[in-house]
Amino acid sequence: MLTVRGLCKSFGRPAVVGLDLTLAPGEIYALLGPNGAGKTTTLRMVCGLLEPDAGRIEIAGIDALAEPARAKQVTAWLPDEPLLYDRLTPFEYLEFVAGLWAVPPATARSRAEALLGELGLWPHRAETCEGFSRGMRQKTALAGALLHDPSLMVMDEPLSGLDAGASRQVKDMLRTRVQTGRTVVLTTHVLEVAERLADRIGILHAGRMVAEGTFTELRGRVGAGRATLEDVFLDLTASAAA
Amino acid sequence: MSLGAPGSALWLLRHDLRLAGREFRSGGRRQVRAARYVMGAAILLLHLFGFLAAPILARVHDDDRGTALLTLSVALAGAFALFLSKAVSEATDALFQRGDLDLLLSSPLPTRRVLFVRLVAVAVTAGFLPLLLVVPLVNGMVLRGYFAWAGLYAVQASLSLLAAALGAALTFGLHALLGPRWTRIATRTLATLFGALTFFIIYAHSLLPAHLRAAIWAAWAPLPGAVPPGLQWWPARALLGDPLPLAALAVLAVAAAVGVSTMLGRAYAAGVMGTLASPAPARAAGAERHFRDGVFAAVLRKERRLLLRHPGMLAQLVYQFVFLVPGALALMNISGRGPHSGADVVFLTAMMTGRITKVIVAGPFESDQAPALAAASPLPPRLATAAKIIVTVTALALVGGLPVLGIGVVLPLAFPAACLACGAAAATRLGLAIARPRSMRRDGLHGRLRASTDGLLGAAVDIGWGAFGAVLTATL
């Protein structure tokens, strides 16, 4: 579903250095790393928001750098800070997003209703977003990201600001979609989320991939049978820094 | 794809206009209804004025094409400077602060279309208020049978689009030259200077000495009755409905907007833009020694640092100084007494001191981003206020004290009155800031009304103390 080869980006100093990634359909992939490791830069390049200095990105068989519009058509981007339009209602926001991705109106309407219902936003569909809590904003943005039924969902800290119930709801929603062949790549600082949700985990440090695999494989790499992901993460990033 | 289909440029523009409309109507229903009535009445009154003024314009149009072209050219130059001022500040916000750019640019829409529409939205915002003022005049002329004047609508649209493109290009250039942190300050200062330029151009007739006006007229005025060949007359000719200049201006504006959107699209993709929120460079070490000081010193230091790092302070101070110049020139021209009269200078300096105080107090008193922090600490509130006052007064003495010292050197007899009037203006403004702390919530009709009332009150204070200083100077 997603193939990244030799991805590089520099902002004066290297942000991402020769990154390779391969994600299969129906997979949840968590990209971890300390602050400034290059996680968001990588995701922004995958979504076409940032042009790489070098490398290749392929989404669902489409060369994302040569045909960005086609690649974006099957991709969704959920930023860490969901910036909605305060003066629009969730329904109007989804209507706008449907227009951006050219979703046929009838399909868009039924999907919008279903998503707002699933995410518990249906009672608030006619309220403008300005009074929404952080969690409600995050859920509205998530509904927008899922509206065009993307094959690849790229999510920067998708669970931040959500309470336990909403967080479970979103995780269930992502799992359901992944079971139908969709792919999710996400970043998170909550290692427990990555441990429980992700099929595979990649650990970035200073723009380079320092380890990749399932949680069990990563645990095996540091040689600690009962280590948590936090232990593994700290061990691997410390080794990379050294 | 049909013209207004989802994803089209028109559809995107409609979305932006819908948001702007909702922002405007964000107050309560009664307030919105009242605002609509007031606007309706204002439009009717302006149309009445336009209809009454139309005969004068018609006479100029019929009798002296040379004067008409020169007058219209000056007016258009002033309007363009105004559009540019608004466009520079709007472009900075639209290109760096609009969080929805992430959403729009991650969609399959072409980047240049998204940015083109954003530029059009900037142009609409920049041209909207001036348009409200000229519409009655144009309609008055059209009603009297001068249909060619309707060309002004196209000229206004073209000039504001051109200004939006130039504003965005300028912002981009500044970003490349100065980096993110200084771009915001530089664009605000530039917007101020362009705004001041508008004032200079529009009031050039009153501000310039008579001999200079005559020389400009002799050099620039086209021959009466002739169609002047120079490109400088094309905007005015376009306004009067001349088809070739009108088409050329429109093509130029659209080409500039398309060109700049394409250039900006590349800049976004390269990750150059959208970084104004990036952290400022680290400061030199050495701050740790400050931890030894007491509570009051810590609060004082925090207020001083925040005031010095206030992003809009420099631009706003420049604005106050720049706007003093045309007023001073006008007063000197009216009185004909040259720069040594004293009363006029004291009047303007006291007014400016009041306005400078308003700018400086905005930092410590109105822009505190963490008021709850001090409120939740054991720090007595009066101590926090005292620190704010000390910092404000020190800054004020440094900035506002210079013109007063200048008066002391050039016009020693006016010095006591200047000290008194300026000190009183500053003290009253400071008192107002403490007594009527500005609401942090400035959006919505209620917030805007409150801001207008405060603005009027402040202006009355400045004018009052300025007049007092002038009378005192004349008496002494």
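In the range A:54-73, how many are at the interface with chain B (Cβ under 9 Å from one of its Cβ atoms) and over 19 Å from B:Arg113 (Cα atoms)?
The total comes to 0.
Just checking, how many residues over the range B:378-410 are outside any helix (DSSP H, G or I) and either surrounded by 15 or more Cβ atoms within 10 Å (Cβ to Cβ) or under 30 Å from the mean Cα position of the chain (by Cα) (or both)?
1
State all residues of the range A:33-51 that are in contact with a Pro (Cβ under 7 Å, 6 or more places away or on another chain) and either surrounded by fewer than 23 Cβ atoms within 10 Å (Cβ to Cβ) or more than 10 Å from every other protein chain (Cβ to nearest Cβ) (or both); if no residue qualifies, say none. Let's see the steps before the verdict.
First, the residues of the range A:33-51 that are in contact with a Pro (Cβ under 7 Å, 6 or more places away or on another chain): A:45, A:48.
Within the range A:33-51, none qualify.
Within the range A:105-130, can you find the residues that are within 10 Å of chain B (Cβ to nearest Cβ) and closer than 25 Å to B:Leu109 by Cβ?
Matches in the range A:105-130: A:Pro105, A:Ala108, A:Thr128.
Within the range B:83-106, how many residues are more than 13 Å from chain A (Cβ to nearest Cβ), crowded, with 24+ Cβ neighbours inside 10 Å and at pLDDT 85 or above?
So the count comes out to 5.
Kindly check whether there is at least one residue in the range B:107-119 that is more than 14 Å from chain A (Cβ to nearest Cβ), farther than 26 Å from A:Thr40 by Cα and not in a helix (DSSP H, G or I).
no
Does A:Ala145 count as outside the structural domain of A:Glu195 (by TED's automatic domain parsing) and either touching a helix residue (DSSP H, G or I) at 6+ places or on another chain (Cβ under 8 Å) or within 28 Å of A:Leu50 (Cα to Cα) (or both)?
So A:Ala145 passes the test.
Scan the range B:210-233 and report the pairs whose first residue is closer than 16 Å to B:Pro245 by Cα and assigned to a loop (DSSP other than H, G, I, E, B) and whose second residue is among the charged types (D, E, K, R) and modelled with pLDDT of 75 or more, with Cβ atoms within less than 6 Å and a gap of 6+ or a chain change.
Every condition considered, no pair remains.
Do we have any residue at all in the range A:124-131 that's of a type in the set (Gly, Ala, Ser) and outside the structural domain of A:Leu23 (by TED's automatic domain parsing)? Let's see the steps before the verdict.
Restricting attention to the range A:124-131, the residues satisfying the condition of being of a type in the set (Gly, Ala, Ser) are A:126, A:131.
Still in the running and outside the structural domain of A:Leu23 (by TED's automatic domain parsing): A:126, A:131.
Yes, there is a match, as at least one residue in the range A:124-131 is of a type in the set (Gly, Ala, Ser) and outside the structural domain of A:Leu23 (by TED's automatic domain parsing).
Quick one: in the range A:9-29, which of the residues that are within 14 Å of chain B (Cβ to nearest Cβ) and not charged (D, E, K, R) is farthest from A:Arg196 (Cα to Cα)?
By that ranking, first place goes to A:Gly12.
Of the residues A:Ala24, A:Ala37, A:Ala15, A:Ala60, which single one is closer than 25 Å to B:Arg112 by Cβ and not assigned by TED's automatic domain parsing to the domain that holds A:Trp122?
Every option except A:Ala60 fails the conditions.
For the range A:11-60, give me every one of the strands (runs of 3 or more DSSP E) that falls completely inside it and has 1 or more residues that are within 15 Å of A:Lys72 (Cβ to Cβ).
A:54-59
So which of B:Glu288, B:Glu303 is modelled with pLDDT under 80 and farther than 30 Å from B:Ala168 by Cα?
Within the list B:Glu288, B:Glu303, the selection yields B:Glu288.
The values are calculated or read from the model by the stated rules, or taken from the named source; none is laboratory data. Because the structure is predicted, anything quoted here is derived from the model rather than measured. Cβ sites come from the backbone with ideal geometry, for glycine too, and all protein chains shown count toward neighbours.
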